[in-house]
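For reference, the structure discussed in these notes is given below.
The values are calculated or read from the model by the stated rules, or taken from the named source; none is laboratory data. Note that this is a predicted model, so its numbers are computed, not measured. Cβ atoms come from the backbone with ideal geometry, glycine included; neighbour counts cover every protein chain shown.
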Amino acid sequence: MNLIRLLIVFFSINVYCGGDEVGNGGGLAENNVVFAYKNIESTIKFTLNNKKDKLTVKQQEVLNLILNSLPQEYFPRNRNQNRFQLEFKSNDFFPHNRFAFTYNFIGAPIYINKDYLYYSSQGKVVPMSIFQATSMLVHEFGHHHKIENENWLDNLGVLVAQSFYQNEQVKRLPWHTNIQSRMIKFNSPETQETFDLLMLTDGLVYINYSKLIKESFKCQGNRVLKGISLYQDYWSVERPFYYQVDLALHCMNLNNEELEIQIGSALQIIPDLVYDRDGVKRFQHINYRVITCEQFPSRCQQKRIEYFNQMSNRSLQ
């Protein structure tokens, strides 16, 4: 199996493009906002499917309005347009020093106050998190549907962001805990036709592997890939350090249109780390391996047994 070596710059530009796609800067906080924006559909769907008991009828109604209007909001889905309605502006653009601003119609730009994207905590500069960005964007999308109550929208944004945050699983590389994998679980029995998200970070840069996973793994036989769940991951502490995650492919059988689960594929990521001038390990290059059942049929057979035994034990608890 060949190792494909790619510069980290390729990943960060190809996946995030914080400055290029939006046209306004490209720091970590800006990238977190763009990431939240690009994944708001999955986040809202997960909230509606899995957190209904925590939502009022009015909250469900507004989230469905936002969800159904995203094709008009999210321009990259439109073949005739290739830009976001998301802009970063300095504080003097905003009335009353607002954090964000938009208008009350679908498709209106959302303006983000870039002077508030970073704050100081214990002597360190902290960027806006994906959790905070998700909450803020839900709030602003709510204004597009004539909702004016700021406190009500704040509460709605937090509820949706909690779905994102509570389904995030973080694994840290021992001895270098700034090196982290962040796995976000969107896939569930109610939403099997969705894709879990995977990112790696060194504390300064986020690398989103979700697109790579979606493009690198295919279903076997006469089946079409509909979703991917990430179900088992770990860091190997032997040099060279690497991170590995196992995948469950959700495949539609074209003969009977039933959804099947194919087990055994995996992604292995080997970061090439160097010390920065502060003595902290950071990414320099990234290597990865795509592990498939065609390459390792015996491994896949063992993984299938482990997976379905695990699922059976969970159902009995």
Q: May I ask you to say which residue of 129, 120, 135 is assigned by TED's automatic domain parsing to the domain that holds residue 28 and free of Cβ contacts under 8 Å to residues at least 24 places away in the same chain?
A: 120
Q: Give the stretch 155-171 a look and list any residue that's of a type outside the set (Val, Ile, Thr) and part of a helix (DSSP H, G or I), or say none.
A: 155, 156, 157, 159, 161, 162, 163, 164, 165, 166
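Out of 242, 275, report the one residue that is within 22 Å of the chain's Cα centre (by Cα) and within 19 Å of residue 174 (Cβ to Cβ).
Numbers: 275 fails: within 22 Å of the chain's Cα centre (by Cα).
One residue alone meets the criteria, 242.
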(Q) Quick check on the stretch 168-177. Is at least one of its residues under 30 Å from residue 52 (Cα atoms) and buried (at least 21 other Cβ atoms within 10 Å of the Cβ)? (A) no
Q: Go through 229, 216 for me and flag whichever is out of contact with any Cys (no Cβ under 9 Å at 6 or more places or on another chain), in contact (Cβ under 8 Å) with a residue 40 or more places away in the chain and under 30 Å from residue 53 (Cα atoms).
A: 229
**Q.** Boolean, residue 210 is modelled with pLDDT of 85 or more, under 18 Å from residue 35 (Cβ atoms), in the same structural domain as residue 178 (by TED's automatic domain parsing) and buried (at least 18 other Cβ atoms within 10 Å of the Cβ)
**A.** yes
Q) Of the residues in the stretch 113-142, how many are farther than 17 Å from residue 160 by Cα and under 20 Å from the mean Cα position of the chain (by Cα)? A) 3
Q. Which one of these does residue 222 not meet: (1) within 17 Å of the chain's Cα centre (by Cα); (2) under 24 Å from residue 300 (Cα atoms); (3) modelled with pLDDT under 90?
A. (1)
Q: Give the number of residues within the stretch 143-181 that are free of Cβ contacts under 8 Å to residues at least 24 places away in the same chain and among the β-branched types (Val, Ile, Thr).
A: 3
